[in-house]
Amino acid sequence: MKICQTETYEAMSFQTARLIAETVAEKPDCVLGLATGTTPVGAYRLLSEWCREGKLSFARVRTVNLDEYLGLSEEDPHSYHFFMQEHLFRYIDARPENLHLPCGTAADPEAACRSYEDLIASLGGIDLQLLGIGRNGHIGFNEPGVSFDSGTHIADLTESTRAANARLFEHPSDPPSRAITMGIRTILSAKRILLAASGPEKAEALERAFTGPVTEQVPASVLQRHPDVVLIADREALSGLARRGFAGP
Ligand code: GLP
């Protein structure tokens, strides 16, 4: 794993956006795995700016998002479809038909999981998968206890994840309790993984993920088995790893 430590959220966002932009420059028709949450918002803003300024083009890029809440339509302001439109898709020159997320309102969610796996395979696999990390070590919506052998599946969200995500809803009980998410096997099949993190509340999750045992109780710990992981995080998020002598300057 390579670690890139920054001082601030803004610098973390810049490094994250730069790695994504480099991937697109090297392979204009690359497949990007994208994430939601607060963490990637700054990077998405920069990518949008660079695209507007003509420094970068997503014209041939294909994207697949990690996850979507079950039961929320694309128009629901709390859906990840809506989030991606608001924070990235509406600002870039990608073709709408090349932008994919799991369908949260499929009549047959299990079939939607299978077709999402088929879709990723038909695109030729993911070149770069962007990840955030949950406080309990989840990636996508792969919660503690998930099988490392999971493909795209329906996940029951833990109360702690629902509570952490409740800030984006009007009422604490509003976050859906289930989601459709790429599985651990899906994520690990990406050629390269970029994990972005910011803030002290992520320090323990990163420490457990990268200095502890590889265990399904800490889903992100499986990243220790991937040959090409880049961790871009600010000093606060890396403080737990630094205590263990892992983080570089
Ligand atoms: C959600 C998403 C994850 C994300 C996590 C952390 O649970 N499903 O993909 O990594 O939140 O979000 P944040 O970046 O807001 O801390």
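The values are calculated or read from the model by the stated rules, or taken from the named source; none is laboratory data. Since the structure is predicted, the reported quantities are computational estimates derived from the model, not experimental observations. Ideal geometry is used to build each Cβ from the backbone, glycine not excepted, and the neighbour counts take in all protein chains shown. Areas reflect the complete protein model, heavy atoms only, side chains present, ligands, DNA and RNA absent. Shrake-Rupley method; radii C 1.70, N 1.55, O 1.52, S 1.80 Å.
Just a yes or no: is a residue in region 99-106 assigned to a helix (DSSP H, G or I), among the small types (Gly, Ala, Ser) and surrounded by 16 or more Cβ atoms within 10 Å (Cβ to Cβ)? No, there is no match, as no residue in region 99-106 is assigned to a helix (DSSP H, G or I), among the small types (Gly, Ala, Ser) and surrounded by 16 or more Cβ atoms within 10 Å (Cβ to Cβ).
Scanning region 5-34 for residues that are within 16 Å of the ligand (Cβ to nearest atom) and outside any helix (DSSP H, G or I), we see that the one that is nearest to residue 88 (Cα to Cα) is 34. Of all the numbered requirements in (1) assigned to a loop (DSSP other than H, G, I, E, B); (2) within 13 Å of the ligand (Cβ to nearest atom); (3) not hydroxyl-bearing (Ser, Thr, Tyr), residue 151 misses one, and that requirement is (2).
Screening residue 84 with (1) within 25 Å of residue 142 (Cβ to Cβ); (2) in a loop (DSSP other than H, G, I, E, B); (3) out of contact with any helix residue (DSSP H, G or I) (no Cβ under 6 Å at 6 or more places or on another chain) gives one miss only, at (2).
Can we say residue 37 is touching a residue at least 40 places away in the same chain (Cβ under 8 Å), more than 14 Å from the ligand (Cβ to nearest atom), assigned to a loop (DSSP other than H, G, I, E, B) and under 21 Å from residue 170 (Cα atoms)? No, not satisfied. On the given criteria, is residue 44 modelled with pLDDT of 95 or more, within 18 Å of residue 196 (Cα to Cα) and aromatic (Phe, Trp, Tyr)? Answer is yes for this residue.
Does residue 117 fit the bill of being among the acidic types (Asp, Glu) and part of a helix (DSSP H, G or I)? Against the criterion (among the acidic types (Asp, Glu) and part of a helix (DSSP H, G or I)), residue 117 qualifies. In the set 154, 180, only one residue is closer than 22 Å to residue 219 by Cβ, touching a Gly at 6+ places or on another chain (Cβ under 9 Å) and at pLDDT 95 or above; that residue is 180. Name the residues in region 182-199 that are among the hydroxyl-bearing types (Ser, Thr, Tyr) and touching an Asp or Glu at 6+ places or on another chain (Cβ under 8 Å), would you? Selection gives 186, 198. Do we find a residue being assigned to a helix (DSSP H, G or I), open to solvent by 40 Å² or more (accessible area, probe 1.4 Å) and at negative phi anywhere in region 121-142? Taking every residue of region 121-142 in turn, at least one turns out to be assigned to a helix (DSSP H, G or I), open to solvent by 40 Å² or more (accessible area, probe 1.4 Å) and at negative phi. Hey, does region 44-65 have a residue that's over 30 Å from residue 156 (Cα atoms), surrounded by 15 or more Cβ atoms within 10 Å (Cβ to Cβ) and of a type in the set (Val, Ile, Thr)? Yes. Restricted to region 66-80, and to residues there that are closer than 23 Å to residue 95 by Cβ and more than 15 Å from the ligand (Cβ to nearest atom), the residue that is surrounded by the fewest Cβ atoms within 10 Å (Cβ to Cβ) is 75. Residues in region 149-157 include at least one that is more than 18 Å from the chain's Cα centre (by Cα) and more than 24 Å from residue 41 (Cα to Cα).
If the condition is being farther than 25 Å from residue 121 by Cα and open to solvent by 10 Å² or more (accessible area, probe 1.4 Å), then region 7-36 contributes 7, 8, 9, 10, 11, 14, 15, 18. Elements of the type strands (runs of 3 or more DSSP E) sitting completely within region 157-249 and holding at least 2 residues that are under 24 Å from residue 18 (Cβ atoms) and either of a type outside the set (Asp, Glu) or open to solvent by less than 70 Å² (accessible area, probe 1.4 Å) (or both): these cover 192-197, 229-234.
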